[in-house]
Amino acid sequence: MFPDDYEKALHYMIWGQWDDLLVLMVRTRDHFLAKKIECFLHAFHYPNHEASLYVSHENLLHYIDHAHATTTKTEYYV
(Lines give C-alpha, C1' and ligand atoms only; values in the text may rest on other atoms or scores of the structure.)
Protein backbone atom coordinates (compact mmCIF):
# COMPACT_ATOMS: atom_id res chain seq x y z
CA MET A 1 0.00 0.00 0.00
CA PHE A 2 1.11 3.53 -0.69
CA PRO A 3 -0.56 5.90 1.79
CA ASP A 4 1.29 8.94 0.49
CA ASP A 5 -0.32 8.41 -2.90
CA TYR A 6 -3.79 8.46 -1.34
CA GLU A 7 -3.07 11.63 0.59
CA LYS A 8 -1.65 13.29 -2.51
CA ALA A 9 -4.64 12.23 -4.61
CA LEU A 10 -7.04 13.64 -2.06
CA HIS A 11 -5.09 16.90 -1.84
CA TYR A 12 -4.95 17.28 -5.61
CA MET A 13 -8.68 16.61 -5.92
CA ILE A 14 -9.61 19.12 -3.23
CA TRP A 15 -7.49 21.88 -4.75
CA GLY A 16 -8.22 21.06 -8.41
CA GLN A 17 -4.62 20.33 -9.33
CA TRP A 18 -5.44 18.14 -12.33
CA ASP A 19 -1.91 18.17 -13.78
CA ASP A 20 -0.46 16.85 -10.53
CA LEU A 21 -3.23 14.27 -10.34
CA LEU A 22 -2.29 13.10 -13.85
CA VAL A 23 1.37 12.77 -12.84
CA LEU A 24 0.34 10.81 -9.76
CA MET A 25 -1.78 8.52 -11.96
CA VAL A 26 1.27 7.70 -14.06
CA ARG A 27 3.71 7.26 -11.15
CA THR A 28 1.66 5.33 -8.61
CA ARG A 29 2.12 1.59 -8.29
CA ASP A 30 -1.49 1.15 -7.13
CA HIS A 31 -3.25 0.15 -10.34
CA PHE A 32 -6.73 0.61 -8.88
CA LEU A 33 -5.93 4.18 -7.84
CA ALA A 34 -4.50 4.89 -11.28
CA LYS A 35 -7.65 3.57 -12.97
CA LYS A 36 -9.95 5.59 -10.69
CA ILE A 37 -7.93 8.75 -11.41
CA GLU A 38 -8.02 8.00 -15.14
CA CYS A 39 -11.81 7.61 -15.10
CA PHE A 40 -12.24 10.85 -13.15
CA LEU A 41 -9.93 12.89 -15.38
CA HIS A 42 -11.59 11.50 -18.50
CA ALA A 43 -15.03 12.42 -17.19
CA PHE A 44 -13.76 15.87 -16.22
CA HIS A 45 -12.14 16.67 -19.57
CA TYR A 46 -14.77 15.01 -21.78
CA PRO A 47 -18.07 15.64 -20.01
CA ASN A 48 -20.88 13.72 -21.67
CA HIS A 49 -23.14 14.01 -18.66
CA GLU A 50 -22.68 15.77 -15.37
CA ALA A 51 -23.80 12.58 -13.65
CA SER A 52 -20.81 10.63 -15.00
CA LEU A 53 -18.45 13.27 -13.61
CA TYR A 54 -20.17 13.09 -10.23
CA VAL A 55 -20.06 9.27 -10.17
CA SER A 56 -16.38 9.08 -11.12
CA HIS A 57 -15.54 11.76 -8.50
CA GLU A 58 -17.42 9.84 -5.82
CA ASN A 59 -15.83 6.52 -6.86
CA LEU A 60 -12.36 8.01 -6.55
CA LEU A 61 -13.13 9.53 -3.15
CA HIS A 62 -14.59 6.26 -1.86
CA TYR A 63 -11.56 4.31 -3.06
CA ILE A 64 -9.13 6.77 -1.46
CA ASP A 65 -11.07 6.61 1.81
CA HIS A 66 -11.22 2.81 1.75
CA ALA A 67 -7.56 2.34 0.82
CA HIS A 68 -6.34 4.85 3.37
CA ALA A 69 -8.47 3.26 6.12
CA THR A 70 -7.26 -0.27 5.38
CA THR A 71 -3.59 0.65 5.23
CA THR A 72 -1.89 -0.15 8.53
CA LYS A 73 1.07 1.72 9.94
CA THR A 74 3.34 -1.31 9.56
CA GLU A 75 2.77 -1.21 5.81
CA TYR A 76 3.98 2.39 5.69
CA TYR A 77 7.60 1.30 6.03
CA VAL A 78 7.62 -1.70 3.72
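Within this structure, His57 passes the test of being under 11 Å from the mean Cα position of the chain (by Cα) and at pLDDT below 95. The number of residues in region 1-54 being assigned to a loop (DSSP other than H, G, I, E, B), surrounded by 15 or more Cβ atoms within 10 Å (Cβ to Cβ) and of a type in the set (S, T, N, Q) comes to 1.
The values are calculated or read from the model by the stated rules, or taken from the named source; none is laboratory data. As the structure is a prediction and not an experimental result, all values here were calculated from the model. Here Cβ is always computed from backbone atoms with ideal geometry, including for glycine, and neighbour counts include all displayed protein chains.
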